Every structure is written in C-alpha cells, then in structure tokens.
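Worksheet for the structure shown next.
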Amino acid sequence: MSRIVIVSNRTPGKGPAAGGLAVALRKVLGEREGFWFGWSGKLAEAPPPEARIEHIDGLSIAQIDLTRDDHHAYYAGFSNSILWPSFHLRLDLATIEGHWYEGYRSVNRQFARSLLPLLRPDDIVWVHDYHLIPLAAELRHLGARNRIGFYLHIPFPTADALYAIPHHEELMRDLSRYDLIGMQAKRDVAAFTEFAEHQMPSTFGGHRSRIIDFSRTEVDAFPIGSDPDAFARLAVSPAGTKMINRMKRSLGDQRLILGVDRLDYSKGLPQRVEAYEKLLANNARLRRSVHLLQVAPPSRDGIKEYQETSDALDAICGRVMGHFAEPDWQPLTYVKRAYGQPSLAGLYRLARVGLVTPLRDGMNLVAHEYVGAQNPDDPGVLVLSRFAGAAEIFPEALLVNPFDTDETAEALRLALDMPLEERKQRWQALMQAARRHNVDDWAMGFLDRLAPGANARTSTTRDILYLASVA
Ligand code: F6P
C-alpha cells in the first residue's frame, strides 16, 4: 500500500495532539506507512540543505528551518496579510505588498526541494492549506509524478477578492497541478467554479491568452469534522468535570453563554459582544441570570490587524462591563488564553448556549465540538453564523447573520428561552450530523479519492479550462 505524506506549515509537536485534525492525521499515519513534513518552527541564518527527520510519539516528522526574512514574507506577509484576509473577504484588512510573493514562492520551493529526496514514486502526498498552494507545481517542476492532493482549510474567495491578490493567475495555475482539491463547503466549490468560468470571456479581449487546464484536477467539498464522541467522553472526564465544578461555583444560577475562538478578525468577536450587549439592553429580566464567557487565545499577534482586533474587543468588553456590571455582578468574562481540550469540553457541556458567530469561516470545529460535548438529557443550543462552513452541516442550529447584531441578540434570547423538548430535538439532529461528518471519515474519504485509480471524476472541474491573460 502507498505511503501517505502529509505536508503542512506547522507539524505536530511532542505530547498529546491539540486539535481534532492533528489527531485524525496522526491516526492515518499510525495505520499507514508515511511521514509528516513541514516547517520546524525554527528560524535559521540559512535554510538547511536537507530536512531533519525526527520520531515523535511514534510519528515520523521531517522538518526544515526557514530564514527570518523568508518566514516573514511567507507567513506574516503573503499568507496572513494577503491570502487570509482576501479569502475571508476582508480586503479592507489586507496589506497588499506584492514583493512578499517572492518569499512565499521561495519557501514553497524550499519545501519542494527538501521533500523531493524523501519521496518514493508511489507515495501519496496530501498538502494542507493556503500557505502551500504552489507546492505541487514546485514538486512537479522538480520531476515528481506522485498523486498530490490539496485541502483548503479556509473559505475559497469570491472572484473579486481573488482578483485583488497579486499573482492570482499563477496561484490558480498552481492549483491545477494538484490531482484533487478538497474544500470545506459546497459554497467554496461553487466560488472556485464561478471564478474559473467567469474568467473565460473577460480575458480574451485584446490579450494573448494562456489556458489553465483543470481537466486533470478534481475539486469537491470534503467538509471536515471532529470526533464528537471523544468530546462527549472528554466532557465527563476528570479534567472536564473539574472545570464544570469550578465554573458552577462561580456561576451559581446564571446560565452560561460561551464563545471559544482564536483572536482573529474573521471570528466576529466585537459584533458578538455587541449582540450580547443588545440582549441585556432589550431584556432586563436576563441581567444577573446570564453570563458570557469568551475564550480568545491570541493569534498572529505580530500582525497589526490582529492587535487592532484585540484592542477593539477590549474596548467593547469594557463598555459592556461599564454599562451593566454591578458591584456583585459581572455580565461577562473575557479570557485571552488557550485551554486544553478536556477543560474546553467541560465548558462546552456547561454552556446553555454555544455562540459561534464568525463573519466567515472555512468550517469552524468549535461548533462540532460544542455539539459533541452536550449532555443528551439537557443539551444546550448552538447559535451559529450562516457564514461558517458548519452552517451547511448544521441547519438545526439557530443560524444568524453575524453582522446583524439585533438578529444575533434575538437568537440568544430564543436559545435561552428554548424549552427542553426543542433543545433535545435540535441537538439529536446536530449530533447525528456531527457523527456523520466525523474527522476520521473525512481523512479516509479524501485519501480514498486521491488514491491512484480513484479519479473517476464526479465533479465540477472536469471540463473547466481557465483562461488567464498574459500581458
Ligand atoms: O484555519 C486555518 C488555520 O491555518 C488552522 O489550520 C490553524 O489551526 C489556524 O489557522 C491557526 O493558524 P496559525 O498557524 O497561523 O497559528
């Protein structure tokens, strides 16, 4: 059986894997021969000529160092100041410095050069996320003939947002060098197809045209999930129960509304707190009987837009405290720190409302984890952004437009007032969907489609020829 090679910017570290994705992919590598390849997390004077291979917790991990300049242009620059905001439709927060593309390309080339000598001809290579769009093209340029798949963990942008990205034609051409592209949601596949088709007429006029041929690339939605039953177990584990008891002591009779997100502008945190502010303003009876806990571990804090999001959140939390707090009651707690999965599972289980309202999100696994951790006899209510990929999986959540803080405030009220029977019915449907989309099946589903001979094309891109103008 072919080996599996997983490639991502970050590689798993020592100790228990933090996220569901890392757990699932570890499992794949536990069952199939193969290794993980990525950045070591270290900055060096010069990139090492070869990857270092380590064996960590039974996993083979090959890593390379990057120079400070390359890493800055590739990670903070092109990946997270251009691709991330554009793919999340926040062009207002993008910093378009085209020269970062050189560093982005150069790091992808270094990945390819260091990975190639480790590859066997029949290895299946699975590349993850927007940092590594050009990797297949770079590997193919060096002669790799392997089956190579790509999974995009974030949303695919609309055509207009894609046009704003420097070198977007090259990036699209890079995508055509993959055998299989996986997206989170049908919406993303539709955006990809729409872009590819939209290009054809508009790029003819007066320009020489070059064809990007997607006829060998299959594109489909593979919605990622979590392991909901593992979250159910974690929620009643000793560490989960400890967190529940700790919170119960401080909450007393108050019902908990919980948000858990990286501190990222795509997560809609200020809008969420504003919705909570409206809930308290419109429903005086709820004051003293509810509490919002927002867990928001800092992320990419070297980037100005992330610091500004953090400041905006500080400001609005302060405003709500100043307006509603009393000497013996605080309406909210805001924690800028990460917690382990067992503690989070305990918090999820205790929360009457899981408030998951990103402005745009690939999937959002917090929604899956919240569902998994509920008590079947007294489940909470998921209030979910219709702009998260998870909305396609969870129509039984209370779906909201996160930009409309009145609507989110009203959904919060409905969730808090929802009778037990309705909560149970909704939760049972949500749990079924979470199980159907579990992360193990996601990984196996993608790899089965990527396996040699599995390219009976179903989908959208079979006949797409994307024409890019070349000046
Ligand atoms: O959602 C995309 C993603 O890259 C995840 O894969 C990752 O866990 C998260 O964003 C955090 O990203 P970073 O590696 O930049 O901290």
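For this structure, a couple of remarks:
- Within region 132-147, tally of residues that are touching a strand residue (DSSP E or B) at 6+ places or on another chain (Cβ under 7 Å) and in a loop (DSSP other than H, G, I, E, B): 1
Condition check ((1) away from the ligand (no atom under 16 Å from the Cβ); (2) more than 26 Å from residue 33 (Cα to Cα)) across all residues:
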residue: 125; (1), (2): yes, no
residue: 129; (1), (2): no, no
residue: 132; (1), (2): no, no
residue: 138; (1), (2): yes, no
residue: 142; (1), (2): yes, no
residue: 146; (1), (2): yes, no
residue: 159; (1), (2): yes, yes
residue: 165; (1), (2): yes, yes
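- Among the residues of region 204-260, those identified as open to solvent by less than 40 Å² (accessible area, probe 1.4 Å), at pLDDT 95 or above and among the polar types (S, T, N, Q) are 237, 254.
- Residue list for region 328-355, filter: buried (at least 21 other Cβ atoms within 10 Å of the Cβ) and of a type in the set (D, E, K, R): 349
- The condition of being without any contact (Cβ under 8 Å) to a residue 24 or more places away in the chain and either within 16 Å of the ligand (Cβ to nearest atom) or assigned to a helix (DSSP H, G or I) (or both) holds for only one of 392, 410, that being 410.
- Residue 86 being within 16 Å of the ligand (Cβ to nearest atom) and in contact with a helix residue (DSSP H, G or I) (Cβ under 7 Å, 6 or more places away or on another chain): yes
- Evaluating residue 299 against the criteria (1) buried (at least 21 other Cβ atoms within 10 Å of the Cβ); (2) of a type in the set (Gly, Ala, Ser); (3) within 16 Å of the ligand (Cβ to nearest atom) leaves one unmet condition, (1).
- Selection count where residues are free of Cβ contacts under 8 Å to residues at least 40 places away in the same chain and closer than 19 Å to residue 182 by Cβ, scope region 149-171: 2
- Candidate set: region 423-443, residues that are more than 19 Å from the chain's Cα centre (by Cα) and open to solvent by less than 70 Å² (accessible area, probe 1.4 Å); chosen: the one nearest to residue 377 (Cα to Cα): 424
One line per residue, one yes/no per condition, for (1) farther than 27 Å from residue 265 by Cα; (2) in the same structural domain as residue 305 (by TED's automatic domain parsing); (3) within 23 Å of the chain's Cα centre (by Cα); (4) at pLDDT 95 or above:
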site	(1), (2), (3), (4)
44	yes, no, no, no
50	yes, no, no, no
56	yes, no, no, no
67	yes, no, no, yes
76	no, no, yes, yes
82	no, no, yes, yes
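- Counting only residues that are under 24 Å from residue 448 (Cβ atoms), open to solvent by less than 30 Å² (accessible area, probe 1.4 Å) and in a helix (DSSP H, G or I), region 102-129 holds 1 of them.
- Residue count, region 252-269 (criterion: away from the ligand (no atom under 11 Å from the Cβ), in contact (Cβ under 8 Å) with a residue 60 or more places away in the chain and outside any loop (DSSP other than H, G, I, E, B)): 7
- Checked against the criterion of being away from the ligand (no atom under 16 Å from the Cβ), closer than 30 Å to residue 145 by Cβ and more than 26 Å from the chain's Cα centre (by Cα), region 216-226 contains one or more residues that satisfy it.
- Residue in region 280-296 that is surrounded by the most Cβ atoms within 10 Å (Cβ to Cβ), counting only those that are out of contact with any Cys (no Cβ under 8 Å at 6 or more places or on another chain) and closer than 19 Å to residue 315 by Cβ: 292
- Checking 40, 60 one by one, the residue that is surrounded by fewer than 20 Cβ atoms within 10 Å (Cβ to Cβ), in the same structural domain as residue 106 (by TED's automatic domain parsing) and away from the ligand (no atom under 16 Å from the Cβ) is 60 and no other.
- Test: residue in region 304-327 that is touching a strand residue (DSSP E or B) at 6+ places or on another chain (Cβ under 6 Å), open to solvent by 10 Å² or more (accessible area, probe 1.4 Å) and over 30 Å from residue 84 (Cα atoms): no
The values are calculated or read from the model by the stated rules, or taken from the named source; none is laboratory data. None of the values given here were measured: they were computed from a predicted structure. Don't worry about glycine lacking a Cβ; one is built from the backbone with ideal geometry, like all the others, and counts go over all protein chains shown. All accessible areas refer to the heavy atoms of the entire protein, side chains included, with ligands and DNA or RNA removed. Shrake-Rupley method; radii C 1.70, N 1.55, O 1.52, S 1.80 Å.
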